[in-house]
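As structure tokens, the structure follows; a few thoughts come after it.
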Amino acid sequence: MTPVDIAVLLGAVILSVAVVWFFFFSKKEGTRLAAAGGVQEANIVVKGGYTPDVLVVKAGQPVRLNFTRQETASCSEMVLFPDFNKSANLPTGETVTLEFTPDAPGEYDFQCQMGMLHGKLIVE
């Protein structure tokens, strides 16, 4: 193996480790929802994923999530919050509101019906 081959191989390994760390092990801070009129509210764009996809809320206060789907992919037609027994159909181009009150602190996942789009609700 020549020094160039070793350098290319080492570079590929370092790049692979960086990609794996970024996608699987880096922590996102999340978007902290502000309470306006006693309700914690966020606008979420659905386009290839959820933006923002990590939401931080306070326990015991109502949460209002406004989903606007900007794509036609069948995977994003619905959003599910299984821990809260909540779901909503998301027609393209329309804003759909989902409201609930998380009582217990913890981390709760939400997703599309196919499990391809993911988000997280962090309740403090």
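No lab work stands behind these numbers, since they all come straight from the coordinates. Keep in mind the model is a prediction, meaning the values are calculated, not measured. So basically every Cβ, Gly included, is an ideal-geometry build from the backbone, and we count neighbours across all protein chains shown.
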Select from 19, 57, 79 the residue whose mean-square fluctuation is largest in a Gaussian network model of the chain (Cα-Cα springs shorter than 10 Å). 19
Tell me which residues come under 5 Å, amide H to amide H, from residue 32 once H is placed; ignore anything under 5 positions away on its chain. 56
Gap separating the Cα centres of region 39-65 and region 104-124, nearest whole Å: 10 Å
Cβ under 9 Å from residue 118's Cβ, residue 118 left aside: what net charge do those residues give with Lys, Arg +1 and Asp, Glu -1? -1
Please arrange 116, 1 by counting, for each residue, the other beta carbons lying within 10 Å of its beta carbon, fewest first. 1, 116
At R0 = 25 Å, FRET efficiency that the Cβ-Cβ distance of residue 15 and residue 51 yields, to 0.05: 0.45
Obtain the radius of gyration and the Kirkwood radius of region 31-123 from its C-alpha atoms and give Rg over Rh. 0.94
Two pseudo-spin positions, 7 Å from Cα along C-beta at residue 103 and at residue 4, lie apart in nanometres by 6.8 nm
Could you derive backbone 3J(HN,Hα) for region 68-78 from the dihedral phi with the Karplus parameters 6.51, -1.76 and 1.60 (θ = phi - 60°), listing whole Hz in sequence and x where the residue is Gly or Pro? 10, 8, 10, 8, 10, 4, 5, 4, 8, 5, 8
Helix 3-20 against the longest principal axis of the chain: what's the angle in degrees, Cα atoms only, rounded to the nearest 10? 10 degrees
